[in-house]
Amino acid sequence: MTGFETALRLLADDLLAAVGRGDWDAADAELATLAEEAAAAMAAGRTADLSAVARQTVRCHTALSLGEDGNGNAMQRLGQLRMLALVVAAARSRKPPRTPRLLAAPGTPGAAILSALKRGPLSGPALAGATGLSAAAIAAALPELRACGLVRSWPAGRLTFNASTDRPLTDRPSTGGENATAREMP
């Protein structure tokens, strides 16, 4: 682990600790620093550092999603982390994030997944059976569908279940605020 990765991990730990104790000013400061590090890595073309930012952003987002605290302040930080994850993902892939309407366009894996989820929550293997898509295609589509707020996921034993959020399809990427129920179970 590089010095940058260690520093980012400590930053992420501090962010999670601040959220845990309800210190929203400290949480905002840590989020701002994480976003600044992401912007600096993007501007300088430091792909390894951008990957490290992505890992810590996802770690924080996952921890907040699975946390017990679902109050508005925690959900606001969850939305900010989701947006940062979208920006970092776009920078890493050198293409802008796709809009919900594009992800759900007929004939796409996203459309097949959303259609299957209209019947209710499904695990990854059940999605593969319901859609006829490969596990790899489902694994590639679900993160984008979650990032745009079209799908929410939660762990249940050794499986992860997915459900449609019934979010309207738009021509703009999600900022995370539209889908504040990412951690709820049906």
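The values are calculated or read from the model by the stated rules, or taken from the named source; none is laboratory data. Predicted, not measured: the structure shown is a model, and the values here were computed from it. Note that each Cβ is placed from the backbone with ideal geometry, even for glycine, and that neighbours are counted across all protein chains shown.
Have a look at 59, 77, 55, 92 and point out the one that is of a type in the set (D, E, K, R), crowded, with 20+ Cβ neighbours inside 10 Å and farther than 17 Å from residue 165 by Cβ.
Working: 59 fails: crowded, with 20+ Cβ neighbours inside 10 Å; 55 fails: crowded, with 20+ Cβ neighbours inside 10 Å; 92 fails: crowded, with 20+ Cβ neighbours inside 10 Å.
Residue meeting the stated conditions: 77.
For residue 62, are the conditions met, namely being in a helix (DSSP H, G or I), at pLDDT 90 or above and among the hydroxyl-bearing types (Ser, Thr, Tyr)? Walk me through it before giving the result.
Numbers: in a helix (DSSP H, G or I): yes; at pLDDT 90 or above: no; among the hydroxyl-bearing types (Ser, Thr, Tyr): yes.
When the stated conditions are applied, residue 62 does not pass them.
Among the residues of the stretch 70-107, write down those that are assigned to a loop (DSSP other than H, G, I, E, B), without any contact (Cβ under 8 Å) to a residue 24 or more places away in the chain and polar (S, T, N, Q). First the steps, then the outcome.
Taking the stretch 70-107 as the starting set, the residues that turn out to be assigned to a loop (DSSP other than H, G, I, E, B) are 70-71, 94-99, 104-107.
Subsequent filtering for residues that are without any contact (Cβ under 8 Å) to a residue 24 or more places away in the chain retains 71, 94-95, 105-107.
Correct list: 71 only.
Can you go through 115, 65 and tell me which one is polar (S, T, N, Q), under 30 Å from residue 17 (Cβ atoms) and in contact with a helix residue (DSSP H, G or I) (Cβ under 9 Å, 6 or more places away or on another chain)? Steps first, please.
Numbers: 115 fails: under 30 Å from residue 17 (Cβ atoms).
Going through 115, 65 in turn, the sole match is 65.
Would you mention how many residues in the stretch 1-17 are in contact (Cβ under 8 Å) with a residue 40 or more places away in the chain and within 19 Å of the chain's Cα centre (by Cα)?
Going through the stretch 1-17, the residues in contact (Cβ under 8 Å) with a residue 40 or more places away in the chain turn out to be 2, 4-5, 8-9, 11-12, 15-16.
Filter again for within 19 Å of the chain's Cα centre (by Cα), leaving 8-9, 11-12, 15-16.
Summing the residues that are in contact (Cβ under 8 Å) with a residue 40 or more places away in the chain and within 19 Å of the chain's Cα centre (by Cα) in the stretch 1-17 gives 6.
Would you confirm whether any residue within the stretch 32-50 is touching a Leu at 6+ places or on another chain (Cβ under 8 Å), polar (S, T, N, Q), part of a helix (DSSP H, G or I) and surrounded by 21 or more Cβ atoms within 10 Å (Cβ to Cβ)? Explain how you work it out, then say what you get.
The initial filter retains those residues of the stretch 32-50 that are touching a Leu at 6+ places or on another chain (Cβ under 8 Å), namely 33-35, 37-38, 41-42.
Going one step further and asking which of them are polar (S, T, N, Q), we end up with 33.
Now drop any that are not part of a helix (DSSP H, G or I), which leaves 33.
If we keep only those that are surrounded by 21 or more Cβ atoms within 10 Å (Cβ to Cβ) as well, we get none.
No, there is no match, as no residue in the stretch 32-50 is touching a Leu at 6+ places or on another chain (Cβ under 8 Å), polar (S, T, N, Q), part of a helix (DSSP H, G or I) and surrounded by 21 or more Cβ atoms within 10 Å (Cβ to Cβ).
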